[in-house]
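Scroll down for the structure; my scribbles are underneath it.
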Amino acid sequence: MRTLVIGDIHGCYDELRLLLDKFNPDKSDRIFSVGDVINRGPESYKCISLLKELNVVTIMGNHEHWYLKCYPFEDNTVTSFNFRRLEIEDHIEWIRSLPYFIMADDFIIVHAGFDPVIAFKDNTYDMLVSVRTLEHTGSPWFDGYFGSKHIYFGHWAKLGLFFGKNVTNLDTGCVYGGTLSGYIIEENRLIQIPAKKTYHNIYDETL
Ligand SMILES: [Mn+2]
């Protein structure tokens, strides 16, 4: 049994297919996505369809979180996210069903992180999907994390691939022309697919 954790996908369907081909899962393997499956890239709908088909356990990202907050839309666009309502509306129940984190015996998967000053379970959903640096320290959230469970997260493309003592950032900015990353926990092995193109300007990565 192997465990694959995939970083932010953002509609990069071609790269997702190639990453999964490279992993070549069998029935005993489990696959997780850190969330932000949708938006900014070209094919959010097909990405969700593929994750559903392969029973990929997907964590709520800030883009899915905001999609739900804005749903149903007044019109067909939401300015700050610029996603099209109709593009993924068929998948609304799947998006609603996403967990905000997965806590296993020896690891946690969460989209962004959490404030370690507060017990994990007491962090707000907004914090779990959006934190990078903490307001009260000005430092990355994980600087204050000394827990034994390894945390796999995404959300921070500008930080890029990051292996800390007990944290790993897997958002390597595929949609911004970087790579799509997956990490196989049992093999301590990173697999990556380079983006076919730059789909979105990273300097717009404010959310
Ligand atoms: Mn993201």
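Read-outs throughout are calculated quantities, based only on the coordinates presented, and are distinct from any laboratory measurement. Because the structure is a prediction, the values reported are computed rather than measured. Heads up, the Cβs are rebuilt from the backbone with ideal geometry, glycines too, and the neighbour counts pull from every protein chain shown.
Restricting to region 106-207, what percent of DSSP beta bridges are antiparallel, rounded to 5?
Working: 9 of 16 bridges.
Of all bridge pairs located within region 106-207, approximately 55 percent are antiparallel.
Taking each residue as 0.36 nm, the span from Val57 to Arg30 lengthens on full extension beyond its C-alpha to C-alpha distance by 8.9 nm.
Ordering Met127, Gly173, Ile102 by Cα displacement along the dipole of the chain toward the positive end leaves Gly173 in first place; charges were set at the Cβ atoms of Lys, Arg (+1) and Asp, Glu (-1).
Please return the longest range in the chain lying between exposed loop sites, taking GluC sites (Glu not before Pro), DSSP loop only, at most 12 other beta-carbon atoms within 10 Å, and leaving the sites out. Here the longest run is 1-73. The value of relative contact order for the chain, using C-alpha pairs under 8 Å at least six residues apart, is 24 percent. With only the Cα atoms considered, the chain has a convex hull volume of 116 Å³ per residue. Here the Karplus curve 6.51 cos²θ - 1.76 cosθ + 1.60, taken at θ = phi - 60°, turns the phi angles of region 190-198 into couplings of 9, 10, 9, 10, x, 5, 5, 6, 8 Hz, with x standing for Gly and Pro. Sparsely packed loop sites in region 89-188 (the chymotrypsin sites (Phe, Trp or Tyr not before Pro) outside DSSP H, G, I, E and B with at most 14 other Cβ atoms within 10 Å) comprise Phe146.
Hey, what number do you get for the chain at 222 nm if only DSSP H runs of n ≥ 4 count, each worth -39500 (n - 2.57), divided across all residues, to the nearest 500? Walk me through the numbers on the way to the answer.
Working: 6 runs with 45 residues, N = 207.
Value at 222 nm, helices only: -5500 deg cm²/dmol.
A simple rule links phi to the HN-Hα coupling: the Karplus curve 6.51 cos²θ - 1.76 cosθ + 1.60 with θ = phi - 60°, which for region 117-125 gives 5, 9, 4, 3, 5, 9, 6, 6, 4 Hz, with x for Gly and Pro.
Please check: in the Gaussian network model of the chain (C-alpha springs, under 10 Å), which one of Thr168, Thr58, Thr137 has the largest mean-square fluctuation. Highest fluctuation of the listed residues: Thr137. For the chain, a crude dipole built from +1 on the beta carbon of Lys and Arg and -1 on the beta carbon of Asp and Glu, taken about the Cα centre, is about 340 debye to the nearest 20.
Which whole-number percentage describes the relative contact order of region 19-79, with Cα contacts under 8 Å and a sequence gap of 6 or more? Before the final figure, lay out each step's value.
Details: 43 pairs, mean separation 21.4, N = 61.
Across region 19-79, relative contact order equals 35 percent.
Once you order the gyration tensor axes a ≥ b ≥ c over the Cα atoms, which shape class does region 106-179 get: rounded for a/c under 1.5, otherwise prolate or oblate by comparing a/b with b/c? Prolate.
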